[in-house]
Structures are given as structure tokens and as C-alpha cells.
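Visitor: The structure is given below, and queries will be raised subsequently.
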Amino acid sequence: MNTKHVIAAVLALGAGIVLGIWLGGGEGTAPPETGPAVYRCPMHPTVVSDRPAGCPVCGMDLVMDRPERSGHEDGHGEESGEVRIDPSTVQNMGVRTRVVERMPVGRTVRTMGRVDYDETRMTDVNTKVTGWVEGLFVDFTGQEVKKGQPLLEIYSPELVAAQEEYLTALDYVRRLEDGGSVEALEGAKALLAAARQRLMYWDIAEAQIVALEQTRKAKRTMTIHSPQEGVVVHRAVYDGAHIKAGEHLYRIADLSSVWIHADIYEYELPWIMQGQSAEVTLAYAPGRVFEGVVSYIYPFLEPKTRTAKVRMIFDNPELELKPEMYATVKIRSEMANEAVVVPVQAVIRSGARSVVILDLGEGRFAPREVELGVEADSVYEVTQGLSGGERIVTSAQFLIDSESNLKAALRTMGGHHGAMGSEGHQH
């Protein structure tokens, strides 16, 4: 027997001793092998031949290797890489098992959110004429206003001239109505309509125009009214100030409905969809839960945080949700009605594959490769490899998986050792 054969035999004997110690006296010995023989290089397992030869890579003799038989002598089938472990050893290892279940797959996404204004319920107030503020009725930020409530009075020579022009056209029409040609009356009415339209273009309310017609006297100042109900969130005008056409005066926000923005990580995005219900809680109101709806998912990510922003709408009739508050957000979603699921801790993930350990009973265990779907709350969805009702290992599965791999290696080495012994006998 040459030196290579001696070294291979010693390695095989040492591995057999390690396996016997690991199994604690259990039935860990590989069953006899049957089937057509193949020859494999001990140093390069990818080199395979159907007849004895030398390895083209290292020159070592190829050794005999047979596939495992399909079942045990007692008639039970054997999974690939199956091992037997003594019950006392199983108990000492702390092995726990669980039956594979079919259940709805869902996930609760928890994150932090920030209360913000509803941008669709905000209005800027300005004027279309130049003038001077001669009366300020809303004079501080945070003041609540009603729709149509007076905000300020403005003196504008342009407005005074437009009122006088309207009154002149109105008097001309009434004189022609008492006696005048039809053509002249129609022209006067057209002039009156143009003057009226000019006032309306400058945001003079219909009621103010009616009052002008009744008093027949141009007002020195005109009142600017609030276009909506809400809260003044910004004020840029002061009593006596000179303002220009289009200059920003007030910003009014309706806080009866607010937005809450939350940041969602990339791996959680598949669970978020528009229309889902959302819940938030506030630090200053423990135990109080506010309910809203996911209204929009922004189509881009923040480059620094690698998160996507999600917008939710919440009713706020009591104004308890105040802009710039922080809130704890919880979004619950379900992806499938029924799916095969396994606990997260039951899956051994190596990057290239995902494996669970089956409990076959009577101290028998075997690895099973599976394909995973989405990760839900502490469970994985299994799309292929398992069906409901099978029992899997949920703890100490790494030890069993290591034992399974060791057993497969020792079977191969045992076959090599037998082939070497045959060669030695021939010599």
C-alpha cells in the first residue's frame, strides 16, 4: 500500500471516531450502499469516471463511490443527508420542534412619523391691487378664522376709481331706461357689466357690490375676507403697511385634516400599499389611538437614509394632531390569505440556499432545502419545499445540520476506504 492510501485510510478512521462520539451511541453508521459504481477523485470531487483511472489534475487513483440506497431495512424512506441521534442526546442538545402551519401571511410595519399640514387645505391671501392697510382684524399667528371673516381693510386709489366708474355706468343706464334709444341703452349696460367684472377681478365680493349699488357712494377702503376656514399659520402684514399687488399677507391652513409622513425602509416597501389603514399614537396622549389611511407612496428614496416616504391622512376635528409633532406609526398589511409559514429561527440561510431540518420521528432528522417568500412577523413564507403538517426543528438545528453534512462526508470517505482496501488486497 503506498503513502497516499495510508493517509486516506487514517483520515477515514479518524472521521468515523468523531461521528461515533457526536452521535452519542446512536445509529449514525451509514447504511450499505447499492447501485452502479462511479469513480471519484478524493482530492477533486468534481472529477468523476465510470471506470478506474487516474485523476488528470493531481494524479491520484480514482476511488469507488456509490449512491445511497433509497430506504431503510424497516421500510421507512430516507431523506437526503438523514441522521439518527440518540434520544438522550436530542434532549441534551435542547432540540425543539413544531408542526408546519398554513396561515395568513401578514406584517406590521412600525416606524416614526411627523405630523404635517394637509397641503390641499392651505391658502395664501394677497391682493390684486396696491394700497395701504388702514384696519387689521387678524393680527397674530395661530388665530382661528371662519370663511368670509374680515381680515383687513385696504385703501387703494385704484379701487376707489373703479367704484366711481361703476357708479357712473350705473347712473347712465338708469337715465337711459327712463327715455333713450335701444342702442344707447345696450351700450350703457355693456359698459356697466365691464365695470362690475373689473371689481370682481379684484376680488370684491358680490355683497360689497350690492352694497355699493344701494348706497351710491364709493367706499374709501375695501375689506379683504378670509377665503376659507382654518388657522393663520403665517402673517406678513401689519397695520399701516404699504402693500403691493400680489404680495403675501396671510397663510391659512385647515387643520381639521392633517398629513403624517413616515419613512419606510426598502425591504418593508412590498408591504405598503395605498388605501391601507394606519394607526398612530402620541407621547402626550398615552393609550389614545388615531386611525387614518395611507394616501400616497412617494416614487423616490431619500439618498442618505435609503428610505421611502409614505403619506397618511388623519381626521383631526379636535386639533389634537398638531403639525411638527412626532408620532409612532403602525401599518398592518396582509399579502396572502393562506400560505405555508415557518418560524424565522427555524431557517438556516447560507446565502446560496435556505434549509430547514425535518423531524422524521424515532430520532431521525434530515435537512430540506426550501424556497422562501416574504418575511412576515417572525415567520417566513415558504413557496416551495414544504407542505402543511410536517414537523420541523426550531432550535439546535445548526448542530443537526452540521451532523448531516458530516455524515454525508463520512459516507463518501467510507466508500473510498473500501475501494482502497480492495486495491490493497489485490496488491
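Visitor: Accessible area per residue, 1.4 Å probe, Å², for region 206-272: what's the number?
Guide: On a per-residue basis, 49 Å².
Visitor: For region 275-329, which chymotrypsin sites (Phe, Trp or Tyr not before Pro) are in a loop by DSSP, counting at most 10 other Cβ atoms within 10 Å?
Guide: Of the chymotrypsin sites (Phe, Trp or Tyr not before Pro), the ones in loops of region 275-329 whose Cβ has at most 10 other Cβ atoms within 10 Å are Y284.
Visitor: Within 10 Å, count the other beta carbons around each residue, average over each peptide in 205-216, 340-351, and list them highest first.
Guide: 340-351, 205-216
Visitor: Another one. Computed on alpha carbon atoms, what radius of gyration and Dmax characterise region 168-256, expressed in Å?
Guide: 18.4, 57
Visitor: Stretch R220-V293 to full length: gain in nm at 0.36 nm per residue minus the Cα-Cα span?
Guide: Contour length minus the Cα-Cα distance gives 21.3 nm.
Visitor: Take the Cα pairs of region 107-153, get the Kirkwood Rh, then feed it into Stokes-Einstein at 20 °C and 1.002 mPa s and tell me D in µm²/s.
Guide: Taking Rh from Cα pairs, D becomes 146 µm²/s.
Visitor: Give me the percent relative contact order of region 286-351, please, defined on Cα pairs under 8 angstrom at least 6 residues apart.
Guide: 22
Visitor: Could you pull out the trypsin sites (Lys or Arg not before Pro) across region 114-199 that fall in loop regions by DSSP (anything but H, G, I, E, B) with no more than 13 other Cβ atoms inside 10 Å?
Guide: K128, K146, K147
The values are calculated or read from the model by the stated rules, or taken from the named source; none is laboratory data. All of these numbers come straight from a predicted model, not from anything done at the bench. Virtual Cβ from ideal backbone geometry, glycine too; neighbours counted across all protein chains shown. Accessible surface areas use protein heavy atoms only, side chains included; no ligands, DNA or RNA. Shrake-Rupley method; radii C 1.70, N 1.55, O 1.52, S 1.80 Å.
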